[in-house]
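Trainee: Input: one structure, supplied below.
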Amino acid sequence: MSAEKKTDFHVVNHSLPRRDGRVKVTGKAQYVADLRLIGMAYAKVLRSTYAHAKIISIDKSRAEARPGVYCVVTGYDLEGLSPYYGHAVKDHPLLAIDKVRYAGEPVAAVVAVDERTAFEALEFIDVKYEELKAVFTPAEALAEDAPLLHERQFEAGALRGFEGEVSAGKGTNICQTHKIQWGDVDKAFKEAAAVVEGNYYFPMTYAYAMEPYVAVAEVNDQDVTIYSSAQHPFMVRHDLKSVFNLPVSSVRLIVPFVGGGYGSKSYTKIEPLVAACSWKAKRPVKLQLTVEEAMLTTRSDDAYTWMRTAADANGKIIARQAKIVMNTGAYAENSPLVVEKSTNRCVGPYAIPNVLIENSSLYTNTVPASSYRGFGCAQVTLPGESQIDELAAKIGKDPYEFRLANAAKPGEEFFPGMRPFDGTLKQDLETAAKAIGWGKPLPKGHGRTVACSGSDAGAYPLTSTAIRVHADGSVTIMTGSTELGQGSHTVLPQIAAEELGIPFEKVRVVSSDTAITPYDRSTGASRTTTLMGTAVLEASREAIQQMVVMAADVLKVKIEQVRVVRGGVRCGEAQLKWSEVISKFYALPDGEVIGRAYIRKSGKFSALPVFWETAATGVEISVDEETGKITMEKLATVGDVGLAINPALAEGQDIGAATMGMGIGLFEELVYEGSQLVNGSILDYRLPRFSDLPKEVELHLVQNQDGVGPYGAKGGGEASLNSMAANIANAVDRAVGVRIRQAPLTPERIWRAMKEKRDKG
Amino acid sequence: MLGELGDKARLYAGGTELLLAMKHDLLRYEHLIDVKTISDLNKIELKNGSLMIGSTVTHRALERSPVVKENLPVLAQMETNVANVRVRASGTLGGNLCFAEPHSDPATLLLALGARAHVQGKAGSKTVGIDKLITGAYETSLASDELLVGVEIPIPTKSKQAAYLKFQLHERPTLGLALVLDVDGDNVTTATAVVGSVSTVPTQSGKANSILVGSKAQIEKQLPDAAEALAEAADPVDDLEGSAEYKCHLIRVFLKRAFSQALS
Ligand SMILES: Cc1cc2nc3c(=O)[nH]c(=O)nc-3n(C[C@H](O)[C@H](O)[C@H](O)COP(=O)(O)OP(=O)(O)OC[C@H]3O[C@@H](n4cnc5c(N)ncnc54)[C@H](O)[C@@H]3O)c2cc1C
């Protein structure tokens, strides 16, 4: 619980307009794509057409002979570099070496005077392959005669994000396994009054961001400088330092605005490749992927889950067991952590005395999977929250009441060893239920449900910042957090302005330049407001302490005589604003004070997760019983965010996340036919449109100041996604009486299930 | 020009199909000839009981045209639901028909309405039915030096009722179904049902059309048979839009809906 419950806020907890709004809507915001360096060349990538094949030879002479081509880079031109990277497991070559592991994998890059010239040269690279047997599903990857994707032993990355071992690189196709267990599951299932059991499938999905991956690299004998659309510049710096064997100080990552990420821009993507191109071409190089190429770069892990859940005669959930198999594609990326997290997130925010969850992810010859908004939670909340409804139905309880009766309570240590629950699920569920009119009569073919999720946020507390208070009283925040559209450039200044008692307009942000801004581990796991926000708050207070000392010096009084007031200090009759303190101290209207803060896993951040990311969603849908098509009638989101530094932005995150979750529930799915991804373009991969939004939307926030972040804030922005697919599946069951255990719930799947039910009679 | 440049050149109207295909390197041309510069191809006119629509008329123009709304409301309503407003604003009717993408709304409706395409080539001009213009997926009967000038749609007589319905999941329709009925009191005297998007070209079935003639009450009972005949003729394919079985089911659902809409 937060120690202070301040409520008389001046700047914080107000929906101030976002800082980057105007430049973005007028097209003036600078992204990496807008960047042009002197002498810059352009790269284009040749991709494998095979899912699994040995590279016999690559003849690049014809391509290199073309006018305008500087060089062609292949996996055989990387002598002097350590070409395998990965923060969890170093299994990923920056260009295919010896073999390719998925159709779409980069095999060579052409660097040329312009993009068109580079593109046209691609077809003059002759690659000879010897096709190998390929596997596309975890079941195929586990088969006894399955080909091995990775033959090498791997180094586990120090920055894998969890303490356990990595399973990859031990002579099987297993990438990672994880298990949690408490109580006695077998006994509980034997004694249960009711049990539900089923197999579920969560699809491969693509986190569509308007900006595809783009990076510009400038590599010379001493330094590597990269401008990139990366979410986590410091993590990418680490991979590049390893690839080039350089000290940290010689690698610089600069991230301007990012055009959306949703997990897809986290960790290292195209940066090692574009850096290798620059290193070979001896000039700055830009690599800008198309959306179609981005879809061949990353995706979410699809998950096959068997799950059963039991209740006793009093309607108490007594046990849950699950076996999950995830498909992580050709390279591990961040999937080992996805496995850990999805295992934990099977428990849902329920207090269940007997639990056994076993999870594994498998390498297959498909696009590598990695972080995706919700981070493994949506994959297991589809089964988890489906079974809550199924179980309620089985014991004749109202599913909403059943949730209320079993939800983890504030302060309850429902997950042994983890931070006690810091949310208020009862209030969240009540708010969602009320918003969608729970209990009111519904027309035929309509269904109404609520669902919730609570994730052990993966936000690892390692963050630092510097706040520069200038002599005119304005402030610059130096932050390693990236503005991805989530609003960090607005929220962080609100916190600094609140603390320093200065107008919001006077605070500016410099972000994500590893040579300038202090270290921040990542911009992910909904962590920025909680962790970077706390750092900004503490650094502001540290600056104030320094300025109190300076004021005492200026006023020639004892430090204890100086009292902090809003925007400055007072001592007896004398009152000085911060600008006056600084100007008088330096005897010039110039100079500055630097406040600093370092956050690590200690104090209030020693218990993990640093917060439980919690939300409830409610939906009403209707189903066209003839075609099976779903219409979204109502949506309610309830973000349990502790305190919203900027309520409008917090609600914006919730509607965004819920819409993304709705997309998975209704239509999003990457489809493989044989070795090829067949809907890898946004014309074929169906994303939600504005016209798909429900007719009625209510956005709510629950603000009990129960988080560890600034003023009791905690993370939000992912959780509303997690329960949406389950909500839609539950609502379909209530509307037309069929249980579908697979997302997306396409019209044809619903029609088929209804037909089967009718045929059975 | 087309005759001179041959395969290296291609006509270009709104570019919504052509430029996309070129960006993906599915098509390569050295020259694009802008048909929008040819005057008079962007007109909508009433002539001898027919609506004459130039090939460079955009979807947006058709959707908003008072002449179309008044004389052929079913066409305006169909156009309102084509693609999104950006595509409608630059995409043309001619481009839609000449690209012969299998998921075309206009092709399906125009076939049902008995529209004729006016084609001009070096050798002269000709007029062909929509089913003679569109011959397969991405295939037309146009010779490399021929240009679609426009289409001529006979305005249905007072006794005719038309409906166009579509079912769409992705960027393009999963199914489009057009139905034109000639009604005399409680009887339907002639009927044309066309289904599009479920297979390579819009399809009609003589058998289905004849089942759809007779007393309204009788037809109502025979709708499933008509749908079956239509589905058989269309022979839907399994693809990302859905299985053939599901599409056959959709033909049943939408023929029934179109029938009641046409008569309402
Ligand atoms: C996102 C998206 C969604 C869509 N959704 C739908 C939908 O729901 N329903 C639907 O029916 N359609 C849909 N379409 C297709 C759309 O209607 C067509 O893209 C548009 O009408 C094509 O017109 P254009 O002028 O842009 O053609 P262009 O791209 O300029 O040309 C297309 C082809 O026609 C040829 N051509 C053009 N004019 C002539 C002429 N006068 N004579 C001979 N050849 C010519 C060109 O050479 C080219 O081969 C969609 C398209 C997109 C991109």
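The values are calculated or read from the model by the stated rules, or taken from the named source; none is laboratory data. Since the model is a prediction, treat every value here as computed from it, not as a measurement. Here the Cβ is made from the backbone with ideal geometry for all residues, glycine too, and neighbour counts use every protein chain on show.
Trainee: Are there strands (runs of 3 or more DSSP E) fully within segment B:12-104 with at least 2 residues that are out of contact with any Lys or Arg (no Cβ under 8 Å at 6 or more places or on another chain)? List them.
Mentor: Answer list for segment B:12-104: B:44-47, B:50-54.
Trainee: Of the conditions (1) out of contact with any Asp or Glu (no Cβ under 9 Å at 6 or more places or on another chain); (2) within 14 Å of chain A (Cβ to nearest Cβ), B:ASN42 clears all except one; give me its number.
Mentor: With (1) out of contact with any Asp or Glu (no Cβ under 9 Å at 6 or more places or on another chain); (2) within 14 Å of chain A (Cβ to nearest Cβ) applied to B:ASN42, the lone miss is (2).
Trainee: Among the residues of segment A:555-584, which ones are among the small types (Gly, Ala, Ser) and in a strand (DSSP E or B)? Spell out the reasoning first.
Mentor: Narrowing segment A:555-584 to residues among the small types (Gly, Ala, Ser): A:567-568, A:572, A:574, A:579, A:583.
Hits for segment A:555-584 are A:GLY568, A:ALA574.
Trainee: A further question follows. For segment A:269-301, enumerate the residues that are in contact (Cβ under 8 Å) with a residue 60 or more places away in the chain, assigned to a helix (DSSP H, G or I) and not small (Gly, Ala, Ser).
Mentor: Listed by number, the residues that qualify are A:PRO272, A:LEU273, A:VAL274, A:CYS277, A:TRP279, A:LYS280, A:VAL291, A:GLU292, A:GLU293.
Trainee: Hey, another quick one. Report the residue count in segment B:130-166 for those that are near the ligand (Cβ under 10 Å from one of its atoms) and among the charged types (D, E, K, R).
Mentor: Adding up the residues that qualify gives 2.
Trainee: Also: Which one of B:VAL119, B:VAL149 is in contact with a His (Cβ under 7 Å, 6 or more places away or on another chain) and more than 30 Å from B:VAL213 (Cα to Cα)? If you could, list the steps in order and put the result at the bottom.
Mentor: Numbers: B:VAL119 fails: in contact with a His (Cβ under 7 Å, 6 or more places away or on another chain).
Among B:VAL119, B:VAL149, only B:VAL149 is in contact with a His (Cβ under 7 Å, 6 or more places away or on another chain) and more than 30 Å from B:VAL213 (Cα to Cα).
Trainee: Would you mind finding the one in B:ALA143, B:ALA117 that is modelled with pLDDT under 95 and either not small (Gly, Ala, Ser) or not assigned by TED's automatic domain parsing to the domain that holds B:SER205 (or both)?
Mentor: B:ALA143
Trainee: Moving on to the next point. Surrounded by fewer than 22 Cβ atoms within 10 Å (Cβ to Cβ) and in a strand (DSSP E or B): does that describe A:ALA552?
Mentor: no
Trainee: Give the residues of segment B:93-108 that are more than 7 Å from the ligand (Cβ to nearest atom) and either within 16 Å of B:VAL119 (Cα to Cα) or under 8 Å from the mean Cα position of the chain (by Cα) (or both), sorted by residue number.
Mentor: Quick first cut of segment B:93-108, residues more than 7 Å from the ligand (Cβ to nearest atom) only: B:97, B:100, B:102, B:107-108.
Across segment B:93-108, the qualifying residues are B:LEU97, B:ALA100, B:ALA107, B:THR108.
Trainee: Restricting to segment A:681-693, name every residue that is within 11 Å of another protein chain (Cβ to nearest Cβ) and either hydrophobic (A, V, I, L, M, F, W, C) or under 23 Å from the mean Cα position of the chain (by Cα) (or both).
Mentor: Across segment A:681-693, the qualifying residues are A:SER681, A:ILE682, A:LEU683, A:TYR685, A:ARG686, A:LEU687, A:ARG689, A:PHE690.
Trainee: Further, regarding this structure: Restricting attention to segment B:181-222, which residues are buried (at least 19 other Cβ atoms within 10 Å of the Cβ) and in contact with a Lys or Arg (Cβ under 6 Å, 6 or more places away or on another chain)?
Mentor: B:VAL198
Trainee: Considering B:SER90, B:SER65, which residue is hydroxyl-bearing (Ser, Thr, Tyr) and within 14 Å of the ligand (Cβ to nearest atom)?
Mentor: B:SER90
Trainee: Out of the residues in segment A:671-680 that are more than 9 Å from chain B (Cβ to nearest Cβ) and in a loop (DSSP other than H, G, I, E, B), state the one that is surrounded by the most Cβ atoms within 10 Å (Cβ to Cβ).
Mentor: A:GLY680
Trainee: For segment B:96-138, how many residues meet the condition of being among the acidic types (Asp, Glu) and closer than 17 Å to B:ALA193 by Cα?
Mentor: Residues in segment B:96-138 being among the acidic types (Asp, Glu) and closer than 17 Å to B:ALA193 by Cα: 2 in total.
Yes/no matrix, rows are residues, columns are (1) of a type in the set (A, V, I, L, M, F, W, C); (2) within 14 Å of chain B (Cβ to nearest Cβ); (3) more than 21 Å from B:HIS170 (Cα to Cα):
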| position | (1), (2), (3) |
| --- | --- |
| A:LYS695 | no, no, no |
| A:LEU699 | yes, no, yes |
| A:ASP706 | no, no, yes |
| A:ALA713 | yes, no, yes |
| A:ASN722 | no, no, yes |
| A:ARG739 | no, no, yes |
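Trainee: In a strand (DSSP E or B) and closer than 15 Å to A:ILE467 by Cβ: does that describe A:VAL593? Talk me through it step by step, then tell me what you get.
Mentor: On the way: in a strand (DSSP E or B): yes; closer than 15 Å to A:ILE467 by Cβ: yes.
Against the criterion (in a strand (DSSP E or B) and closer than 15 Å to A:ILE467 by Cβ), A:VAL593 qualifies.
Trainee: Can you tell me which residue is surrounded by the most Cβ atoms within 10 Å (Cβ to Cβ) among those in segment A:615-670 that are assigned to a loop (DSSP other than H, G, I, E, B) and more than 14 Å from chain B (Cβ to nearest Cβ)?
Mentor: A:VAL641
Trainee: If you don't mind, there's one more thing I want to ask. Filter segment B:248-258 down to the residues that are more than 9 Å from every other protein chain (Cβ to nearest Cβ) and under 19 Å from the mean Cα position of the chain (by Cα), then identify the one that is nearest to A:TYR685 (Cα to Cα).
Mentor: Within segment B:248-258, the match that is nearest to A:TYR685 (Cα to Cα) is B:ILE251.
Trainee: Any residue at all in segment A:689-698 that is basic (Lys, Arg), part of a loop (DSSP other than H, G, I, E, B) and over 23 Å from A:GLY458 (Cβ atoms)?
Mentor: Scanning segment A:689-698 turns up at least one residue that is basic (Lys, Arg), part of a loop (DSSP other than H, G, I, E, B) and over 23 Å from A:GLY458 (Cβ atoms).
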